[in-house]
1. Treating the beta-carbon of each Lys and Arg as +1 and of each Asp and Glu as -1, no other charges, what is the dipole magnitude of segment A:253-334 about its Cα centre, to the nearest 20 debye?
2. Give the calculated FRET efficiency between residue B:596 and residue B:623 to the nearest 0.05, with a Förster radius of 35 Å applied to their Cβ-Cβ distance.
3. Treating only the Cβ of Lys, Arg, Asp and Glu as charged (+1, +1, -1, -1), what charge dipole size does the protein assembly as shown show about its Cα centre? Round to the nearest 20 debye.
4. What does the helix-only formula give at 222 nm for chain B: each DSSP H stretch with n ≥ 4 adding -39500 (n - 2.57), the total divided by the residues, and the result rounded to the nearest 500 deg cm²/dmol?
5. Under 14 Å from the Cβ of residue B:438, count the other residues' Cβ atoms, weight Lys and Arg +1, Asp and Glu -1, and hand me the total.
6. Find the accessible area per residue for segment B:213-360; the probe is 1.4 Å, ligands and nucleic acids are left out, and the unit is Å².
7. Could you give me the radius of gyration and the Dmax of segment B:1-126, taking only the C-alpha atoms into account and expressing both in angstrom?
8. With bins 10 Å wide starting at 0, give me the P(r) of segment A:280-320 over every alpha carbon pair, in whole percents.
Amino acid sequence: MHKLNFFPLGNADCCRIDLSNGNKILFDFAATRGADNGDRRIDLPTVLRQDLHYHRRSHYEVVAFTHLDDDHICGSTEFFHLQHDRRYQGEGRIHIGELWVPAAVITEDRPGGEASVIQKEARYRLLQGHGIRVFSRPGRLQAWLARNGVSLEARRNLITDAGQVVPGFTLDAHGVEFFVHSPFARRMNDGGLEDRNQDSLVMQATFRAGTRHTRLILGADATHNILTDIVQITRQHKREERLAWDVFKLPHHCSYLSLAPDKGVEKTQPVPEVRWLFENQGAHGAIIVSTSDAIPSEDSDLPPHRQAAAYYRQDVIRPKLGEFKVTMEHPTRTKPGPLVVHVDALGARVEKSGGGGAGGVVGTVPPRAGRD
Amino acid sequence: MDVQFLSAPGEVIESGALVVPNAVQLARRLIEGSLPYCEFVEARLTEQGEVIVVEVAVEVPQDRVHDIRPVERIAVHFPREDNALPEALALREDFPLVPHLNLRSQEKPRSLCLYDQSYDSVRLRWSIPAFVRQVREWLARTARGELLAADQPLEPFLVWSGLRLILPGNLHARGPATRAGRLRVQALDFGRGVETLLASGRNLGSQDASRNDRFIGISLGGQPTAGRAVSAQPTSVAELHSLLAEFGVDVLGVLRRILPEGLEEPGVPDARLIILTWLPKLRHAGGDVEGAETWAYLVDRPVSEICEAVGACQSHEGVMARLLFTDEGRTGAELPVVPLNVVGDLTRDFAAALNGAPPSDVRVTAIGAGALGSQLVMNLVRSGWGRWAIVDKDTLLPHNLARHALGGDALGAPKASALGKLADSILENDPGRPRAFDEDILRPSAALVEQLQETDLVLDLSASIPVARHLARDLDSSARRISLFFNPAGTDVVLLAEDAERTLTLDLLEMQYYRALVRQSELREHLRELPGRIRYAKSCRDVSSEIPQDVAATLAGVGARAARTTALSGDAQIKIWRTAPDLCITATELTLEPVRMSQHGDWTVYLDDGVLRTLSAFRQDRLPNETGGVLVGSYDMQRKILYIVDALPSPPDSQEYPTSYTRGIHGLRESVREVEAATAGNLHYVGEWHSHPEGYGCDLSSDDRKLFRWIEEQLYEDGVPPLMLILGDGGTYTVHAGSVQST
């Protein structure tokens, strides 16, 4: 049985995939919780460390940064062991087996802040020639590699283009495979202004348990334009099954912009390709996960947008008898906790176990006892 | 697409107006939000109690075996008196028909069967959060198809007649003998009125409590169907008729045809009617029959009245007359039916399942029905293991009752017959009925001889060495023998099991068991008498009169398990279980040695590799000198068998030279006494051994001949044969027994 774990981080992303073979893969990392005691967001570094401690490990097989926005990387330079600089090393830091980044992470000009540190790490690993996978059309990296005295040929095995299955994971050996949808060549604009969201990493993960395949789409921050392109390209190649989904991690925290240019009054009406993606391609009992703040009852400028949520709930989830889950609302708005999706021979299901009680106590490290 | 809900029972009230404590608590917890995955909907008041309607989030997979939704609306009905489980009703209009529902008089709303125990058992651990968790767990597991229908779950929300009906145990598989017909129903009345009806093939011992004329049974069989057949409980014969019509059962037709036929029989007109319905179930449509749904109903009216109410007869001036043409208008609408609690009788398979063990038809002849035998046999009978014959010549006496499976009603009866009868009473109508032989196994009748030839296993529980030897050596049967007996103190039980090929027979195993008592220090006390305990006979298996029944029962349990597991493998085995005073048990399993046989005139000598290894080690230790010592073992004078079981080392004052050996005496008497004590005299001095130096064989020297004659003279007084063993190079040896000529 595989497990997908989402965390209440506000409008920020982190998805940990626990494969049944023990491998752990992390998509994005955002330690958003403030010092304020009233902050309901989870202390991500602590829960991730507890999980690793429980499983007696100190590394992830893969850490993917879908793009360098703060809500996908913040705090990562304090959590991970980075190879390029001793200042980011030391006891307690978590090691990264393979770093997955879109090409923009390598080529972007001076992103600033933590993004610069992640960029240095990615560049260092790429020049070293191991521990990294870059997603793009290979030619996109040719100039940068040449400037740094490395030939594209020498690094081609570390680069995966859209429309391919990521090497290193197979359904037979690992029970999972990853198919890359974005970044894709059509949007590449070498030398021009780089739009991060448009260069973000969008993938479909296919899990196998028993004879059943369960599909997860990791939407990063894709806009309706990106999704439209992805749908068109995928249909051109007649690979509709690569856009089938049982679990959809919504792009951009339930923003209407992932559905359409117009928000709508009560409900966002998606552009045709996006409507097809959600309504046709979702399976019976499918689960949508919005990694966001609680859905507001009033109109709002920032995501999540209630009109987008209304579309997902009414037009996508209800006919499928599925579930629409918001990370900051699960299990309750007042006490959100990790959202765990189990994947087994009956497909995906949202864990709804009691949490506390005697069953929980024995699985938890109690506070220290003793005299001051 | 919108979900439709059924209305919950009762009228809506404010949650503040609730008074039933559990309802108050559930509402409070829901409103304060301390129950995860639950939302309060409303509170209601009914005549019987109060209702909380709640929406629960359910952990459902995408691929659902049953259509359970991620959110389900449930009405929880709390009875006003805290005397029954709260009932959980699924309010969604299209909530599916799933296993583990309670049957109610209306089909909907469906009632979740959450517990398979009575409220009295459940309430020890019952709490509001646990109850809600149970509801959510029930829904989640039903969605996954993990809740399988039990045979007949308790249906706590039905109005029961208070009557129990015991049906033949194999009814689920085979169905009644006829699709529609009379069923013999005995009413059991033990002075509290009839509580139990018996319709199985069982013969009751307590005939005085049973009567055949108070109920008449009719069985009805239906067409096989997939899924649960009975989805609502009928309240009248008319409703039962229409409910079963779709399964091809014509209830009224059968009643109209069969009931009037019995009106002439004495008692029948006043008897009450039991209707048994048997509806075979398919695994899925078009699949195999995998069981049956069995329901029974009581129509608590005289048969004569029923005949009238279904339009088959008419009463005319107090005389019941059969109508030529059925009055189709009379459908039994005024005849109430009440469900009976149906239980299946105990079959071999059912007994085995209840014991968590596979059933077995192995043919076993048990010798001995004493304290160990009777309890051990009953343990196995109750677990559906074995087709039994029981042999014992004794009569049940008062002192036996202190430690016996039989009760005082069998006092003075032959033990074998009485135990056979008890064993026969356990399983209903089993083809492998026990046989009993009230006779001495040492002088068997022709019938017993035949029985022993046809048995798979002879289980010696006789606590008698002569019997065990007889079984081992004289009995004409290829069946494997297994012996189980207590030690004299009654603290230990011993298993001697022959291998299936019978290479190591009981007597040979017995000898290796004795050697272990000598050699293994933890077994030294095994055959010793405990101080203060009186034995009334002189045999190592005569059990003292002071054995607590709790120990006897414990060891009979150990023995039953041992017999069952040993019978599974074909290997020989010796195992000793010892109890501490607190009944903690330690087991010792012995390593078995291959046995060699040689013939010396009339005498057969047995010797195993364990003895030879010991002798070789002694010889090796003293080379280049000769060495020697005494042999211990046992005689079977009756069968002229000599068992060499162990060798004692050379006494310290022996004279050992490269060419000669003279055995000394220091400490020897004590050593031999120790052997005798540890084995209750079963092992003793049987002869002498000595080694020859390297390069010499085992041929007799002139000194050896002199020695042998000396042994012969010494033992002549005891009337036992002389024995001398010579050990040479490379493990060679010669045995000289009986006389020098017959080596």
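The values are calculated or read from the model by the stated rules, or taken from the named source; none is laboratory data. Fair warning: this is a prediction, and the values are worked out from it, not measured in the lab. Don't worry about glycine lacking a Cβ; one is built from the backbone with ideal geometry, like all the others, and counts go over all protein chains shown. Keep in mind that these areas ignore ligands, DNA and RNA; they rest on the heavy atoms of the full protein, side chains included. Shrake-Rupley method; radii C 1.70, N 1.55, O 1.52, S 1.80 Å.
1. Working: 9 positive and 11 negative charges, 55 e Å.
Rounded to the nearest 20 debye, it is 260 debye.
2. Numbers: r = 24 Å, r/R0 = 0.68.
E(calc), rounded to 0.05, equals 0.90.
3. Dipole size: approximately 1860 debye.
4. Details: 17 runs with 180 residues, N = 743.
Only helices count here, giving -7000 deg cm²/dmol.
5. Within the 14 Å Cβ shell, the charges total +1.
6. Values: 6560 Å² over 148 residues.
The answer is 44 Å² per residue.
7. When restricted to the Cα atoms of segment B:1-126, Rg and Dmax are 14.6, 42 Å.
8. Spelled out bin by bin, segment A:280-320 gives 28, 50, 21, 1 percent.
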